[in-house]
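This report concerns only the one structure given below.
The values are calculated or read from the model by the stated rules, or taken from the named source; none is laboratory data. These numbers come from a predicted model, not from an experiment. FYI the Cβ positions are ideal-geometry reconstructions off the backbone, even for glycines, and counts take in every protein chain you see. Heads up: the accessible areas ignore ligands, DNA and RNA and are worked out on the full protein's heavy atoms, side chains in. Shrake-Rupley method; radii C 1.70, N 1.55, O 1.52, S 1.80 Å.
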Amino acid sequence: MKEFRDIEEKWQKRWDKDKVFEVDENKKNKCYVLEMFPYPSGSGLHMGHSRNYAIGDVYARFKRLKGFNVLYPMGFDAFGLPAENAAIKEGIHPKEYTDKSIKSFTNQLKALGNSYSWSRVVRTCDVNYYKWNQLLFLKFLEKGLVYRKKAPVNWCEHCGTVLANEQVEQGECWRCHNPVEVKQLEQWFLKITKYADELLKDLKILEGWPEKIKKMQESWIGKSKGVEIKFKIKDGEELKVFTTRPDTLWGVTFMVLAPENPKVMELVKGTEKEKEVKRFIDKVVLEDKYERTAEDTEKEGLFIGKYAINPVNGAEVPIYIANFVVAEYGTGAVMAVPGHDQRDFEFAKKYKIPIKIVIKPKEHELDAEKMMRAFVDVGVVVNSADEFNGMNNLEAIEEIGKYLEKEKFGKRTVEYKLRDWLISRQRYWGTPIPIVYCDKCVAVPLNEKELPIKLPEDIKFDGEGNPLLKKKEFLEVKCPKCKGNGRRETDTMDTFFDSSWYFLRYCDSKNEKEMFSKKKVKYWMPVDQYIGGAEHAVLHLLYARFFVKALRDFGLLNFDEPFLKLFTQGVVYKEGARMSKSRGNVVVQDDMIERYGVDSVRVFLLSLSHPGKTVEWDGKGIEGAYKFMNKVYSLKEKVKIKDNSKDKNVLSKLNLLIKNIESDFENFDFNLVLSKVMGFVNYLYKFRENLSEEVYKESVSKLSIVLSCFAPHVCEELYGEDYVSLADWPQLNSKKIDLELENLENFVSSTISDINNVLKLVKIENPKKITLLVAEEWKYKLYEKVLKEGKGDMKFKVKGKEKESIKLLGMLKKKGLPKFILNQKKELEALESEKEFIEKEFKLKLEIKKDGEKALPGKVQILIE
RNA sequence: GCGGGAGUGCCGGAGUCUGGAAAACGGGACAGCCUCAAGAGCUGUUGGCUUAGUGCCUACGCAGGUUCAAAUCCUGUCUCCCGCACCA
């Protein structure tokens, strides 16, 4: 639509020129609205993106209108694999690819009309940004939060790099969905586990976060309280196990070690079992780890010929190794209680190991022979030490824990599922890790002054491994410590490192001297409203929280959490799958914008459904949004005034609208805002000839302010003075809301239904008398009309509300009721009333939604005889 | 198995917190007006029955319960989507 397109261009240029959305620290209340910054890929923005960014923009614009000093920045998560892969595939440099992508992203975001503060753009691939990554790395190292360790790590062959635990989804690489292998490698880890407890605890203060995301983090951190118990190995040293169920300690009938547990080979060394055990381990370890440890995988194990001694009763139990035990959790060894753990139960059945009952239900006995599954419910301790028998097992967990500590059999501990974060990546397009290796000094961190370590740009991509490995100038350096020959670290940082603090950099993105000015960060942070996808629940959202806590402990920040409120948008699906380039089911925004104008597209995308819900793409509805925008735009031209009979009504509707939508905005109920605004626009449009100039102007002006969040360009045009984007939210004038007017229809119809209900209730076909007692406040004209004039003439032509009045009259008449009159007390009584007294009385409350200031006395009593 | 969420016309979705004419708002379909025509715009219809009434009946996943009154509150149950998953 040409006209809309012209308007868009005009205003986008003006916004840019006048720096309308640029902000500085000032005395106003600040509001930091942030969307997760995008990864700039070569393909354009599709409808999923458009919807997401529209959501953020509506909120930011709303807050701006409400008088906040709104920081709403945009940037690019510009390092990462896809750029590198594109480089290999298409033969262009990742930098070039990224620059190009960022450019096209920027253009498309601008085309969307989003009110970003463009001067603050952050690009993580700029030295100016990533040098601070390097500084941070050194700081982490200094504080003992970074360490290098040889460990079993997740390796994605397809991406040619290791991955963090969080980046493995059901055994597959989060990015390419190829199976992940386990490799023993020496890598850099970030000690996120140090903050495990705080990360868990502080979830409680994140009231503005979706429950779902918090639960996901909670289970990812996976805290469990238990006891570490020492078992002696017969003729050997001791073996520690971790258990959350010390109450079942007397029911232990075997032990199981993870095959990877180094203790295993030590134990069998030189015994006749050695070969067999080795074969078993090799077999199990070769298997895909995810499959092996899936819940429905058949349990397999092997007795290793050794026995352990239960510290509390001296019982000797056989030691097994088995596929279902995870090496990394707890001590990589478990005490098995088949009576009270389903996994142990299955294993015991398979290998014919005895089952011993030590907890039983209150009411009946258990027979270990006949049990079909383990008893895991709450019960009573039996067959254990005398002092615990008869105790409720939950209580026994506590007591036995204490007992074990007292007897020095073990100690109470806490275990987490959370693992340290592996940040090394064997890829080129990322932040170089500021480390030099040297034969003498091992791994030497660089001095701060030597930063930044620039990522060399002049390199060759042959598709084989990390090109940095072949870049001599980069590779060969002097050891900073001994000045001998050293070799630079060629691994780069996980890009989630970049995104863990970018929101801080926005506060002061051009600072050359520091990561950020503490003062500026203090003003803007924390982010008031964060918006992004739920898929980052245990990735970015967890890492960023960790960074903030760590930086706080470095003395750089003075708050505990980066994001006060979080909104997770829904995904746009097409043909049953998430819209994405790789699936080839994208609908790009450009064509649609070209045809209908961007405001229509924005309105359409947000009217579809609640922004938090996933939607299946169906472009048909755009027509409706387009019609709506046309109608809105046509309000620019005032038609001839016939009369001003609707002034009151329109003002009432207008103020009602302003009142109602504010909380909808806060709750992200944008679909509701839009439907309410549409309702108002229809009303205004319908009666535009019956309005005084003032009222019309006021209506259009206020409408354009509230609607500017959704349709900023057309609304700028409509507003006509200054920038609507910087206007003040319209003042609510509650007095103009005419409740009588607004509730008229409601009142009549509900009265009808009340009478109906009452009639049904008392089963009187022809009641002798019906009395309606109406409160003084209900001076509804309609009632007067119906009851004064309504002589049963139902044939006068009426519409709308008045139709209802006919319905009321007719209905009453049909029920055999004669004329009514309205008396001074606003009591309505049947004329031919009997003196007989009322037999039944039903009070029917007619409650109208409260308006906060004045609750209506709305109450009608219907008395029937 | 655990956790989160959802079941309402042909479709997307309001309404549920705070019980009181179910279906706001939008899409789609159908009919009419306007047009040479198309589009746009406007008007109406869109659960069933119907003698066409100002009528009756049925309906908010299913089954119960509370209540004068339930989509809404309570109990049970089914289905679907999403996340985690042998963590001892």
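Just to confirm the number: angle between the C-alpha axis of helix A:800-814 and the first principal axis of chain A, 0 to 90 degrees, nearest 10?
Roughly 70 degrees, rounded to the nearest 10.
Before anything else, pin down the relative contact order of chain A: Cα pairs under 8 Å, at least 6 apart, normalised by residue count, whole percent. All intermediate terms of the calculation are to be shown ahead of the outcome.
On the way: 1468 pairs, mean separation 113.1, N = 865.
So the answer I get is 13 percent.
Nearest 10 degrees is fine. How inclined is helix A:693-707 to the longest principal axis of chain A, computing both from alpha carbons?
With rounding to tens, the tilt is 10 degrees.
Please compute the contact order of segment A:611-730 in relative form: average sequence separation of alpha-carbon pairs under 8 Å and at least six residues apart, divided by the residue count, as a percent.
Relative contact order of segment A:611-730: 29 percent.
Given the options A:Leu635, A:Ala625, A:Leu608, identify the residue whose Cα lies farthest towards the positive end of the charge dipole of segment A:603-657 (+1 on Cβ of Lys, Arg; -1 on Cβ of Asp, Glu).
In segment A:603-657, that residue is A:Leu635.
For chain A, what does the alpha-carbon gyration tensor say about shape, rounded, prolate or oblate, given a ≥ b ≥ c as the root eigenvalues, a/c under 1.5 as rounded, and a/b over b/c as prolate?
Oblate is the answer for chain A, as a/c is 1.5 or above yet b/c matches or exceeds a/b.
I'd like the carbon and sulfur percentage of the solvent accessible area for segment A:302-368, probe radius 1.4 Å, heavy atoms only, ligands and nucleic acids excluded.
Percent of accessible area from carbon and sulfur atoms in segment A:302-368: 54.
Collect residues whose amide H, placed 1.01 Å from N in the peptide plane, falls under 5 Å from the amide H of A:Phe567; neighbours closer than 5 in sequence don't count.
A:Tyr530, A:Ile531, A:Gly532
Just in segment A:40-145: which trypsin sites (Lys or Arg not before Pro) are loop by DSSP and have at most 15 other Cβ atoms within 10 Å?
Hits after loop and neighbour filter: A:Lys66, A:Lys143.
Looking at segment A:604-652, which GluC sites (Glu not before Pro) are DSSP coil and have at most 14 other C-beta atoms within 10 Å of their C-beta?
Details: sites: A:Glu616, A:Glu623, A:Glu637; in loops: A:Glu637.
Listed in order of number, the matching sites are A:Glu637.
With a sphere of radius 12 Å drawn around the Cβ of A:Val317, what net charge do the other residues whose Cβ falls strictly inside it have (Lys, Arg +1; Asp, Glu -1)?
+2
Output the antiparallel fraction of DSSP beta bridges having both residues in chain A, as a percent to the nearest 5.
Numbers: 78 of 97 bridges.
Roughly 80 percent of the beta bridges in chain A run antiparallel, per DSSP.
Could you work out how far the C-alpha centroid of segment A:675-733 sits from that of segment A:256-270, in angstrom?
Distance between centres, Cα-based: 75 Å.
How would segment A:533-683 be classified by its alpha-carbon gyration tensor: rounded, prolate or oblate, with rounded meaning a/c under 1.5 and the a/b versus b/c comparison settling the rest?
oblate
Please label the shape of segment A:146-289 as rounded, prolate or oblate, based on the square roots a ≥ b ≥ c of the eigenvalues of the alpha-carbon gyration tensor (a/c under 1.5 means rounded; beyond that, a/b larger than b/c means prolate, else oblate).
On the way: a/c = 2.28, a/b = 1.28, b/c = 1.78.
Since a/c reaches 1.5 but b/c is at least a/b, the shape of segment A:146-289 is classed as oblate.
How far, in degrees from 0 to 90, does helix A:393-406 lean away from the longest principal axis of the Cα atoms of chain A, to the nearest 10?
40 degrees
Any idea what the relative contact order of segment A:381-431 is, in percent, if you count C-alpha pairs under 8 Å spaced at least 6 apart?
Numbers: 20 pairs, mean separation 8.8, N = 51.
Across segment A:381-431, relative contact order equals 17 percent.
Considering only DSSP states other than H, G, I, E and B, which chymotrypsin sites (Phe, Trp or Tyr not before Pro) in segment A:182-241 qualify as loop sites with at most 13 other Cβ atoms within 10 Å?
none
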